[in-house]
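Comments concern the structure below.
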Amino acid sequence: MRARGQMADLDTEQRGIAQTMAARLWNSRWLLAAGVVAIVAVYALAGISAYVVLAALLLLFAAAILPAAGARQSTGSGAAIEATGLQRLSGEYLAAAVADPLIIFDRAATIVHANAAAFAAFGGIAPGMSLSLKFRAPEMQALLDGVLSGDVASDIVDYTEKLPVERAYRVSVSSVGHATDLYVLVFKDQSEARRIDRMRADFIANASHELRTPLASIAGFIETLRGPARNDAAARDQFLQIMQSQTGRMARLIDDLLSLSRLEMKPYLKPGTEVDLRQTVDSVIDSLGPLASENAVAIERRYADGPLHVPGDRDELFQVFENLLENACKYGQSGGRVVVSIAHSDAGSEPGIDVTIRDFGPGIPEEHIPRITERFYRVDVETSRTQKGTGLGLSIVKHILTRHNARLSIKSEVGNGAAFSVHLPAH
């Protein structure tokens, strides 16, 4: 019986092959006819051997038949590979391949599966748990109700997770396949994008405010000069002096904004240029000599022996030390002196050179230090404006140091001054 079955299977297979070959020949009938005519014409005109004609006809028929078998084998092989690959896939593997938090649930809003990113983001979730109890926010409840009721096939909402830290998500829900009664939630983290949007909005608001104040002052003085003070020479001179001061403030603000924009467009520095820190810091001290004398501040130099070279851009490092020393002379003038030191640093795994600018003024309260390099952030707004500060100097310093793979550390104690240290890698 078994032998008969095998013979029957063999006959069936042979009949299938024969049918495939016949179909192939039928589909290629016009091509075959043209080939036969061409061979016969060559035989009649050129007088070649009949054996050559026979061989040519056999090759023509073989060319028409063989691709059918090859194509059938290739198609079958491709289908087998595809079937084997799909058998290895499952919802769990696909969910694990998604980087965003992903939760699969059923029509009862019960969690069927959650990937590793979902466990890391939300914690305390497990198969069998109710989604409605886990995510109690009204927007999430409305999202689940809408898709489970069949009113919508898919939907998107914004959701904020408060604990352990606040995170903003764009949540999308859709059904899985057809008639599976399964649905998938995908949480796209929008926290960084929201933070950048807030920074951009705050930056525009702060820049607009900083420019609006001097512009309003200048407009008011122009109106006064054209009206009541038209013929008052003393008032005119005073107002023109104030207007000049305000335009200078706007010019400094615009220059700092342009510097910050240029730095952000090119966040990384091309290596290869050596900077002599001793010469650069000396140039900064010489350029700020008049400001130090005006504020009755003595600048002391304490440099290490030997060469003090680091890779970097001299003009940008000059701007860093100029900003830091100018701040020390302005805001630490009550201490009467500023110490500028350059020393080799072997701390940690990255040897380099530390440049420290220390003043002995009122110091900076501890709660302000983490935010002091933010744009437009000021410890004392009135003092900063009196000293013609734009609120962007330390932000520029931070961006330049980032380009140089360097870092800024700030130590301060109220009443004992502040020390700003720049650590520059030696290589």
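No value in this document is a laboratory result; all are computed from the given coordinates. From a predicted model like this one, the values you see are computed outputs, not experimental measurements. Virtual Cβ from ideal backbone geometry, glycine too; neighbours counted across all protein chains shown.
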Taking R0 as 35 Å and r as the Cβ-Cβ distance between residue 368 and residue 426, the FRET efficiency 1/(1 + (r/R0)^6), rounded to the nearest 0.05, comes to 0.65
One finds, for residue 407 and residue 197 with R0 = 30 angstrom and r their Cβ-Cβ distance, a FRET efficiency to the nearest 0.05 of 0.65
Here the FRET efficiency for residue 156 versus residue 206, based on Cβ atoms and R0 = 35 Å and rounded to 0.05, is 0.60
Row for the range 172-317, column shape: gyration tensor on C-alpha, a ≥ b ≥ c, rounded if a/c < 1.5 i.e. under 1.5, prolate if a/b over b/c, else oblate; value oblate
Inverse of <1/r> over all distinct C-alpha pairs of the range 102-224, i.e. the Kirkwood Rh in Å, gives 17.2 Å
Over all Cα pairs of the range 90-137, the Kirkwood radius sets Rh, and Rg/Rh then becomes 0.95
